[in-house]
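Engineer: What follows is a single structure, and I will ask about it in a moment.
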Amino acid sequence: MVTSASSDSPAEVLDRKTVWDSFACWATGVCVVTARARDGRPIGVTATSFCPVSVTPPIVAWSLDNRSGSLAVFGETSEFAVHVLGEHQDETSACFSTPGSDKFAFRPLESPDGLPLLRNYLARFVCDRDQQITAGDHTLFLGRVRSLDRTDGTPLLYFTQRYGRYALHPRHDRSRPTDWL
């Protein structure tokens, strides 16, 4: 059943499940965000909230639920890495979204300054944490990209709380001009 909420209703009156289910209609990519805690532990979470913000300077954003046990660590770290997952990395996503799982059993790579990095990804953005903004029940992190890398492939997608794959629409099978930026 599809439900709707009146646009003139105050946000506090909207049913949490209706809001959640409506947000889930937004198809998005899947990322794993990693960092290192002050005590040296690597941490990582799955995030579907990743968003490019600016090209010049390159800035990205992602958010984390305020109830997350990793929030304090991401709040105190000065850097993080965002890994955009490829279509076959649903198990990686599930691992990093499961509390208590051994997220780094695979022995991650490390940046020269010790940031834990995934070996496989579609794109990776290593960022200096620029801003942290509390926004309702989530905290938004903005990062200035200091290095990036990408590989060939197609993204892992998340839609209505399920994983999916990207398929090019047949009417839009055109290349974008290289000078569009």
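Computed from the coordinates by the stated procedures, all read-outs in this text should not be read as laboratory data. All values derive from a computational prediction rather than experimental measurement. Cβ: placed from backbone, ideal geometry, glycine included. Neighbour counts: every protein chain shown.
Engineer: In what order do Phe74, Phe104 fall by count of nearby beta-carbon atoms within 10 Å, going from fewest to most?
Structural biologist: Phe104, Phe74
Engineer: Compute the separation of the alpha-carbon centres of segment 71-99 and segment 101-159 and state it in Å as a whole number.
Structural biologist: 6 Å
Engineer: Calculate for the chain the 222 nm mean residue ellipticity that helices alone would give, adding -39,500 (n - 2.57) per DSSP H run of length 4 or more and normalising by residue count, nearest 500 deg cm²/dmol.
Structural biologist: Taking each H run of at least 4 residues, the total per residue is -3000 deg cm²/dmol.
Engineer: Could you tell me which of rounded, prolate or oblate describes segment 28-161, using a ≥ b ≥ c as the square roots of the eigenvalues of the alpha-carbon gyration tensor, with rounded for a/c under 1.5 and, failing that, prolate when a/b is larger than b/c and oblate otherwise?
Structural biologist: Rounded, because the longest to shortest axis ratio a/c is under 1.5.
Engineer: Counting Lys +1, Arg +1, Asp -1, Glu -1, what net charge surrounds Ser78 among other residues with beta carbon under 9 Å of its beta carbon?
Structural biologist: Once positives and negatives cancel, what remains is -2.
Engineer: Still on this structure, I have one more. What list of ³J(HN,Hα) couplings, whole Hz, do you get for segment 86-98 from phi and the Karplus terms 6.51, -1.76, 1.60, once you set θ to phi - 60° and write x for glycine and proline?
Structural biologist: Per residue, the Karplus-derived 3J(HN,Hα) values read x, 4, 9, 9, 4, 5, 4, 4, 4, 4, 6, 9, 9 Hz.
Engineer: Could I ask something else about it? If you plug each phi of segment 14-25 into the Karplus form 6.51 cos²θ - 1.76 cosθ + 1.60 with θ = phi - 60°, what whole-Hz ³J(HN,Hα) values come out, in order, with x for Gly and Pro?
Structural biologist: Calculated HN-Hα couplings, in order: 5, 5, 4, 5, 5, 4, 4, 5, 6, 4, 5, 6 Hz.
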